[in-house]
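> Before anything else, here's the structure in question.
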Amino acid sequence: MVVNITAQRRVGVALLGYAFMGKAHSHAFKAIPHFFHPPPAVPELVVIYGRHEERLREAALNYGFKKYTTDWRTAVRDPEVELVDNSLPNNMHLEPTLEAIESGRHVVCEKPLARNSEEARKLRDAARRAKVKTMVAFNYRFVPSIQFARQLVKEGTIGRVYHFRARYLQDWLVNPSAPLTWRLKAEEAGSGPLGDLGSHIIDLARFLVGEVEAVTGVVRTFIDERPLVEDPSRKGRVTVEDAFAATVEFDNGAIGTLEASRFATGRKNFNNLEINGEKGSIEFNLERLNELRVYLREWEDDGLTGWNTVLVTERRHPYIDRYWPSGHIIGWEHTFINEMYHFLKCIVDDEDVAPLGATFEDGYRCNVIMDAILESAKTGRRVKVSFS
């Protein structure tokens, strides 16, 4: 059967931001019709926003956008735009996202949803009032191995969950000469690795295990001053943490630990989690994202007492039937393709973003938990998590 793609519905996209996430997201939109054929709709890259016109123009040409603008309001209000993708720094999540929702656009916003729970609540409330689809871009939900792990948990394969532990470790700030970028300023980022990396593992904890009831936390800033980006001969103050560690209590009785650092020498993008249950255990490592390590107690009856590494590339595994034959691995960029396909399908077919996608409610709750960890670190006390 031949499908005339030009006759299919098209969804105009405005992308806010052209750097790291802008590259990943625009690639995903362009790849959807290639892999998810026929697509629910064809994403049309209409307009891209950024502050620096020369680099913005180059990004527009490179990514394939029809137009570019240095005014985000122009991008959001463009009559050809149906979907706004906010990939801007954290301090630019609130206002453009609210504007997009209130102007009737569907919105996907990069994580964390906001700098703090107060901002996140405003976005959550706006999403509740609106008739548009909204999603937080927690792309690791869309790793096939993670969705397979969720199936094993939800189906009871590993039984009652006792433990969840997760570490997200990088080392790009170990060098004290690394510049004072926006990620190191509380007024722009909100927090350090807690929001940058920790938000991912908090979201995965909720996605895989359940709701969080209470936390305790500790944070550290190891290097207080760094060279300014605009003038490396001068230094500015680091106003976020460099690392955090926390214990977590879940509503269902499970306990867990969370840790994130940008000072873990030798670790480049080590997102590792383990779940221990009464019948078995699961382990995932993002640096080997096609694999899921599984241990089931029932195997002991056959003398199989070791862990089994499952290569999550079979056609029956989540999303794999859209890509390559069994054993042919996919990569980090495919998580964004899966994610944006899910959101596009929700828009076109009027489906719920949850439970596979992270709603603005999920984003808000993640921000609440992050705030509770910071409060615990400040007071030295266990903090009950309360959502409103």
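The values are calculated or read from the model by the stated rules, or taken from the named source; none is laboratory data. The structure displayed is predicted, hence computed values, not measured ones. Please note: Cβ atoms are built from the backbone with ideal geometry, for glycine as well, and neighbour counts cover all protein chains shown.
> Is it true that LEU296 is over 20 Å from the mean Cα position of the chain (by Cα) and either over 23 Å from LEU258 (Cβ atoms) or touching a residue at least 40 places away in the same chain (Cβ under 8 Å) (or both)?
Details: over 20 Å from the mean Cα position of the chain (by Cα): yes; either over 23 Å from LEU258 (Cβ atoms) or touching a residue at least 40 places away in the same chain (Cβ under 8 Å) (or both): yes.
Spelling it out, LEU296 is indeed over 20 Å from the mean Cα position of the chain (by Cα) and either over 23 Å from LEU258 (Cβ atoms) or touching a residue at least 40 places away in the same chain (Cβ under 8 Å) (or both).
> Here's another thing I want to ask about it. Go through (1) touching a residue at least 24 places away in the same chain (Cβ under 8 Å); (2) more than 18 Å from the chain's Cα centre (by Cα); (3) farther than 21 Å from CYS346 by Cβ one by one and return the number of the condition GLU80 breaks.
Looking at each condition in turn, GLU80 falls short on (3).
> Take region 60-90 and flag every residue that is closer than 16 Å to ALA137 by Cα and assigned to a helix (DSSP H, G or I). Walk me through it before giving the result.
In the first step, residues of region 60-90 are kept if they are closer than 16 Å to ALA137 by Cα; the result is 83-90.
If the condition is that a residue be closer than 16 Å to ALA137 by Cα and assigned to a helix (DSSP H, G or I), then ASN90 is the only one that fits.
> Also, quick follow-up: So which of PRO33, PRO79 is over 29 Å from TRP324 (Cβ atoms), at pLDDT 95 or above and surrounded by fewer than 23 Cβ atoms within 10 Å (Cβ to Cβ)?
Details: PRO33 fails: over 29 Å from TRP324 (Cβ atoms).
Among PRO33, PRO79, only PRO79 is over 29 Å from TRP324 (Cβ atoms), at pLDDT 95 or above and surrounded by fewer than 23 Cβ atoms within 10 Å (Cβ to Cβ).
> Any idea which residue in region 349-371 is surrounded by the fewest Cβ atoms within 10 Å (Cβ to Cβ), counting only those that are assigned to a loop (DSSP other than H, G, I, E, B) and not hydrophobic (A, V, I, L, M, F, W, C)?
ASP350
> Which of the residues spanning region 284-312 are more than 23 Å from HIS200 (Cβ to Cβ) and touching a Ser or Thr at 6+ places or on another chain (Cβ under 6 Å)?
Result: TYR295, single match.
> Among the strands (runs of 3 or more DSSP E) confined wholly to region 212-270, which include 2 or more residues that are under 20 Å from the mean Cα position of the chain (by Cα)?
Details: elements: 212-220, 225-227, 235-237, 243-250, 255-261.
Output list reads 243-250, 255-261.
> Evaluate region 237-250: report whether one residue or more is over 20 Å from ILE373 (Cα atoms), modelled with pLDDT of 95 or more and in the same structural domain as VAL209 (by TED's automatic domain parsing). Explain how you work it out, then say what you get.
Of the residues in region 237-250, the ones over 20 Å from ILE373 (Cα atoms) are 237.
If we keep only those that are modelled with pLDDT of 95 or more as well, we get 237.
Next, only the ones that are in the same structural domain as VAL209 (by TED's automatic domain parsing) stay: 237.
The answer is yes, given that some residue of region 237-250 is over 20 Å from ILE373 (Cα atoms), modelled with pLDDT of 95 or more and in the same structural domain as VAL209 (by TED's automatic domain parsing).
Here is a yes/no grid of residues against (1) touching a residue at least 12 places away in the same chain (Cβ under 8 Å); (2) of a type in the set (Gly, Ala, Ser); (3) more than 20 Å from ASN139 (Cα to Cα):
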position: LYS279; (1), (2), (3): yes, no, yes
position: PHE284; (1), (2), (3): yes, no, no
position: ARG288; (1), (2), (3): no, no, no
position: ASP301; (1), (2), (3): no, no, yes
position: THR335; (1), (2), (3): yes, no, no
position: LYS345; (1), (2), (3): yes, no, no
position: ALA354; (1), (2), (3): no, yes, no
position: ASN367; (1), (2), (3): yes, no, no
position: THR379; (1), (2), (3): no, no, yes
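> Only one residue in SER376, SER326 is hydroxyl-bearing (Ser, Thr, Tyr) and surrounded by fewer than 14 Cβ atoms within 10 Å (Cβ to Cβ). Which one? Explain how you work it out, then say what you get.
Working: SER376 fails: surrounded by fewer than 14 Cβ atoms within 10 Å (Cβ to Cβ).
Answer to the selection: SER326.
> Looking only at region 372-388, which residues are on the phi < 0 side of the Ramachandran plot, modelled with pLDDT of 95 or more and not in a helix (DSSP H, G or I)?
Step one: list which residues in region 372-388 are on the phi < 0 side of the Ramachandran plot, which gives 372-379, 381-388.
In the following step, the residues that additionally are modelled with pLDDT of 95 or more were identified as 372-379, 381-387.
Scanning region 372-388 gives ARG381, ARG382, VAL383, LYS384, VAL385, SER386, PHE387.
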